[in-house]
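S.K.: Dumping the structure here so I can ask a few things about it.
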2 protein chains.
Amino acid sequence: MSDRSQFRAVGLKTTLPRLKVMEILENSGERHMTAEDVYKEMLNLKEEIGLGTVYRVLNQFEQAGLVERNNFESGSSVFEIKSDSHHDHLVCMKCGVVEEFFDPSIEAQQEKVAKMAGFQIAGHSLSIYGFCSDCQE
Amino acid sequence: MSDRSQFRAVGLKTTLPRLKVMEILENSGERHMTAEDVYKEMLNLKEEIGLGTVYRVLNQFEQAGLVERNNFESGSSVFEIKSDSHHDHLVCMKCGVVEEFFDPSIEAQQEKVAKMAGFQIAGHSLSIYGFCSDCQE
DNA sequence: GTATCTGCAAACGATTTGCAATCCC
DNA sequence: GGGATTGCAAATCGTTTGCAGATAC
């Protein structure tokens, strides 16, 4: 599905800023970017845009279910294109690299925990913090 | 261990604001409080304190390992007294209640995941969001 | 043409910080 | 006494918002 039709499907007009933000999320090396990251990359590519617009567009994308927001311990939110499959994150505390993983047994166990506590699950966030293989001494 | 000697052990002078903040964290009904919560409770108890000081004290406590900071999806950090035993959280998205849980199999599985990715674990944060038994329709 | 969208700058909420006055040992 | 700590207000950071002009369809 093209970005164009993707936007139409969720009721967003196809505008240059939206196309560009989506393109950067899709094509820049890093899947997990802050609004600032996207903004700077945009300037690198010599595109005119306001930081406010980046935030607005990312929020619209989030509400439309096109991107996912993650709050790691860094102070600012990171955004990634929403894949069909849920996953959690490993975050390197030194270089900041983010790896994704999915573990069925952890997922299943969370269901059990919630059920035992009488909670109806709406979502969850699991982030493992540590040092990636390149950042250990 | 008294708060007094606890403070001395981590190199913090025993001052009224620090004693009061610790007391509130220990004795107010809720284990999970924002800086604002602590501040308001302080005013309730007719204690003079600045919000800035509450933040400063909580940060010192965190660095000293006396309290733990959690960033749920709410926008502000919540603090709780650090217990000897690690645990994760179930957070109600309606009433905000927080329940703690510990699940050995989830913990163990995280170790495996990290090892497979070549990560050296430093910590993790797992929050399950949903609706508590009182908040389901 | 017109409703939607953008850029800009001002506003915001949470948190931190500089500094002079105050407190603890 | 003197370094650590506080209160206060101003500063900062990430993010949101109001509004006038620009854009998509």
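S.K.: Name the residues in the stretch A:106-133 that are closer than 16 Å to residue B:116 by Cβ and not hydroxyl-bearing (Ser, Thr, Tyr), would you? Talk me through it step by step, then tell me what you get.
M.R.: Our first condition is that a residue be closer than 16 Å to residue B:116 by Cβ; within the stretch A:106-133, this holds for A:106, A:126, A:128, A:130-133.
Passing the criteria: A:106, A:126, A:128, A:130, A:131, A:132.
S.K.: Here's another thing I want to ask about it. From the list A:69, A:18, exactly one residue is of a type in the set (Lys, Arg) and within 12 Å of DNA strand C (Cβ to nearest atom). Which is it? Steps first, please.
M.R.: Values: A:69 fails: within 12 Å of DNA strand C (Cβ to nearest atom).
Checking each option against the conditions leaves just A:18.
S.K.: Of the numbered conditions (1) within 10 Å of DNA strand D (Cβ to nearest atom); (2) crowded, with 16+ Cβ neighbours inside 10 Å, residue B:67 fails exactly one; give the number of that condition.
M.R.: (1)
S.K.: Do you know which residues across the stretch B:44-58 are surrounded by fewer than 12 Cβ atoms within 10 Å (Cβ to Cβ), more than 7 Å from DNA strand D (Cβ to nearest atom) and assigned to a helix (DSSP H, G or I)?
M.R.: Applying the first criterion (surrounded by fewer than 12 Cβ atoms within 10 Å (Cβ to Cβ)) to the stretch B:44-58 yields B:44, B:46, B:48, B:50, B:52.
Filter once more, so that each one left must be more than 7 Å from DNA strand D (Cβ to nearest atom): B:44, B:46.
The answer is B:44, and nothing else.
S.K.: Taking the stretch B:2-27 on its own, how many of its residues are of a type in the set (A, V, I, L, M, F, W, C) and either under 16 Å from the mean Cα position of the chain (by Cα) or not assigned by TED's automatic domain parsing to the domain that holds residue B:58 (or both)? If you could, list the steps in order and put the result at the bottom.
M.R.: At the first step, the residues of the stretch B:2-27 found to be of a type in the set (A, V, I, L, M, F, W, C) are B:7, B:9-10, B:12, B:16, B:19, B:21-22, B:24-25.
If we keep only those that are either under 16 Å from the mean Cα position of the chain (by Cα) or not assigned by TED's automatic domain parsing to the domain that holds residue B:58 (or both) as well, we get B:21-22, B:24-25.
Looking only at that region, the number is 4.
S.K.: Residue pairs, Cβ under 6 Å, 6 or more apart or interchain, first in the stretch B:89-118 and free of Cβ contacts under 8 Å to residues at least 40 places away in the same chain and at negative phi, second part of a helix (DSSP H, G or I) and not polar (S, T, N, Q). List them.
M.R.: Taking only residues 6 or more apart or on different chains, the pairs are B:99/A:117; B:101/A:113; B:103/A:113; B:106/A:106; B:109/A:106.
S.K.: While we're looking at this one, here's another question. Any chance the stretch B:35-43 includes a residue that's more than 8 Å from DNA strand D (Cβ to nearest atom), part of a loop (DSSP other than H, G, I, E, B) and in contact with a Leu (Cβ under 7 Å, 6 or more places away or on another chain)?
M.R.: We begin by selecting, within the stretch B:35-43, every residue more than 8 Å from DNA strand D (Cβ to nearest atom); these are B:35-43.
Subset that is part of a loop (DSSP other than H, G, I, E, B): none.
No, the stretch B:35-43 contains no residue that is more than 8 Å from DNA strand D (Cβ to nearest atom), part of a loop (DSSP other than H, G, I, E, B) and in contact with a Leu (Cβ under 7 Å, 6 or more places away or on another chain).
S.K.: Here's something else I'd like to know. Restricting the search to the stretch A:23-34, which residues are part of a helix (DSSP H, G or I) and either free of Cβ contacts under 8 Å to residues at least 40 places away in the same chain or buried (at least 21 other Cβ atoms within 10 Å of the Cβ) (or both)?
M.R.: A:23, A:24, A:25, A:27
S.K.: Sticking with this one: Do you know which residues across the stretch A:74-87 are surrounded by 13 or more Cβ atoms within 10 Å (Cβ to Cβ) and either in contact with a Phe, Trp or Tyr (Cβ under 7 Å, 6 or more places away or on another chain) or more than 17 Å from residue B:71 (Cβ to Cβ) (or both)?
M.R.: Correct list: A:78, A:80, A:81, A:82, A:87.
S.K.: Here are some residues: A:58, A:45. Which one is hydrophobic (A, V, I, L, M, F, W, C), more than 12 Å from DNA strand C (Cβ to nearest atom) and not assigned by TED's automatic domain parsing to the domain that holds residue A:126?
M.R.: Details: A:58 fails: more than 12 Å from DNA strand C (Cβ to nearest atom).
That would be A:45, the only listed residue that is hydrophobic (A, V, I, L, M, F, W, C), more than 12 Å from DNA strand C (Cβ to nearest atom) and not assigned by TED's automatic domain parsing to the domain that holds residue A:126.
S.K.: Is at least one residue of the stretch A:98-108 touching a Phe, Trp or Tyr at 6+ places or on another chain (Cβ under 8 Å), more than 24 Å from residue B:87 (Cβ to Cβ), at the interface with another protein chain (Cβ under 9 Å from one of its Cβ atoms) and part of a strand (DSSP E or B)?
M.R.: Within the stretch A:98-108, one or more residues are touching a Phe, Trp or Tyr at 6+ places or on another chain (Cβ under 8 Å), more than 24 Å from residue B:87 (Cβ to Cβ), at the interface with another protein chain (Cβ under 9 Å from one of its Cβ atoms) and part of a strand (DSSP E or B).
S.K.: So the check is Cβ under 9 Å with 6+ separation or different chains; which pairs have a first residue in the stretch B:7-22 that's within 18 Å of residue B:47 (Cβ to Cβ) and a second one that's near DNA strand C (Cβ under 7 Å from one of its atoms) and β-branched (Val, Ile, Thr)?
M.R.: B:7/B:14; B:7/B:15
S.K.: Is it the case, given these coordinates, that residue A:64 is in the same structural domain as residue A:23 (by TED's automatic domain parsing), in contact with a Leu (Cβ under 7 Å, 6 or more places away or on another chain) and among the aliphatic types (A, V, I, L, M)?
M.R.: On the way: in the same structural domain as residue A:23 (by TED's automatic domain parsing): yes; in contact with a Leu (Cβ under 7 Å, 6 or more places away or on another chain): yes; among the aliphatic types (A, V, I, L, M): yes.
Yes.
S.K.: Could you please give the count of residues in the stretch B:29-44 that are at pLDDT below 95 and either under 17 Å from residue B:97 (Cβ atoms) or in contact with a His (Cβ under 8 Å, 6 or more places away or on another chain) (or both)?
M.R.: Total meeting the criteria: 3.
The values are calculated or read from the model by the stated rules, or taken from the named source; none is laboratory data. A quick note: this is a predicted structure, and the numbers were derived from the prediction, not measured. Note that we place each Cβ from the backbone using ideal geometry, even for glycine, and neighbour counts take in every protein chain shown.
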